[in-house]
Amino acid sequence: MENENKKIVLSCIQPTSVPTIGNYLGALKNWKYMSEDYDCYYAIADLHAITVRQEPAKLRKQSLEMYALLLAIGLDPEKNVVFVQSHVPEHSQLSWILNCYTQFGEASRMTQFKEKSQKHADNINVGLFDYPVLMAADILLYQADYVPIGADQKQHLELARNIADRFNQVYTPTFKVPEPFFGKVGTRIMSLQDPTKKMSKSDVNPKASVSMLDKPDDIVKKFKSAVTDSEARVYASDDKPGITNLMSIYSACTGLSFEQIEKDFDSKGYGDFKAAVAEAAVECLEPIQNEFNHLINDKAYLESCARTGSERASYAARKTLRKVMKKVGFWQV
Ligand code: ATP
Ligand code: MG
């Protein structure tokens, strides 16, 4: 850490539930790779999570579990800054300021807001609408160069870039304008029950997603019941979203290309392929689950890592926030 020449990376995950294999292949796996070459800030986005109603005890438990999982995928808490968003008040502070540099019209165009407000029609709160501005604050506070995200967050990152540009132009250059970082495959894993919708950890249908902590038997069952079309040949195509999605998962877990997969399963049907995908997913998740089971029993260790993480994050965040406050003209005493 704190190597001046290293590029900075920031990414967040909400503790809304146990992460899915989609979160892992689309985002978390890249977090691990990036931690080798960059200065990485990884946050558990609990401020974002309350844009949808959460049960307090569950949210607390899920945050702790998420922290353990981040360490279980191999993130070293010494080399990376792994922290909880609400422990670093600068996120909320910068977010308010950035609200005043975001246009209502541009925020209204965010598709996630439209999707989530349909899903939670009884609670379309202002926080849900403002989510991308908080996300911009998360990123810009750390002067991040790269943001590893799944394709679902592309539009939000674009907004963060626009806000940064605008602020830099109104004043003087203050924020680094961040670039997205997508993995090669698995940037958008789809629901197993409706392959036209993305897999989400907050989906109420448990069959729609494979959680990173699902037992092998359940993983096998979920892939078996994954929705595909009536054809039986394994090949990727836009009008076969179900089988294409399974191929993405298989490819991301095994490293095999689509061409290779098509060749390997040339004379086999969907049944065989689904079994192979399940086996690959189990193999990919097993070592992470073993490490998680070990870490989750050491709450004191996890708490001490989270405390250190938030102190280190705050140190960097305060630097940016102070600059911003000065530029907008706040009286500093
Ligand atoms: P929620 O339903 O609570 O929004 P989520 O599954 O969308 O949960 P987030 O916490 O919003 O997860 O996002 C965490 C990271 O996972 C982000 O970088 C996001 O781009 C990525 N991600 C989310 N869903 C997918 C998916 N289906 N495929 C690939 N990456 C994904
Ligand atoms: Mg999401």
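The values are calculated or read from the model by the stated rules, or taken from the named source; none is laboratory data. It should be emphasised that the depicted structure is a prediction, and the values quoted were computed from it without experimental measurement. Here the Cβ positions follow ideal geometry from the backbone for every residue, glycine too, while neighbour counts run over all protein chains shown.
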*Looking at region 147-156, is at least one residue of a type in the set (G, A, S) and touching a residue at least 40 places away in the same chain (Cβ under 8 Å)?*
yes
*In region 171-208, which residues are within 12 Å of ligand 1 (Cβ to nearest atom), basic (K, R) and assigned to a loop (DSSP other than H, G, I, E, B)?*
R188, K197, K201
*What are the residues in region 124-154 that are in contact with a helix residue (DSSP H, G or I) (Cβ under 8 Å, 6 or more places away or on another chain), charged (D, E, K, R) and away from ligand 1 (no atom under 13 Å from the Cβ), if any?*
D130
_Name the single residue that is surrounded by the most Cβ atoms within 10 Å (Cβ to Cβ) among those in region 148-181 being at pLDDT below 95 and over 20 Å from M212 (Cα atoms)._
Q153
*Go through region 225-270 and count every residue that is more than 26 Å from the chain's Cα centre (by Cα) and closer than 14 Å to A280 by Cα.*
1
*Residue that is nearest to V324 (Cα to Cα) [pool: residues in region 165-194 that are away from ligand 2 (no atom under 16 Å from the Cβ) and under 19 Å from the mean Cα position of the chain (by Cα)]*: P178
*asked:* Checking T20 against (1) closer than 15 Å to V81 by Cβ; (2) within 11 Å of ligand 2 (Cβ to nearest atom), only one condition comes out false. Which one?
replied: (1)
*Out of M212, M190, M247, which single residue is among the hydrophobic types (A, V, I, L, M, F, W, C), under 29 Å from P15 (Cα atoms) and out of contact with any strand residue (DSSP E or B) (no Cβ under 8 Å at 6 or more places or on another chain)?*
M247
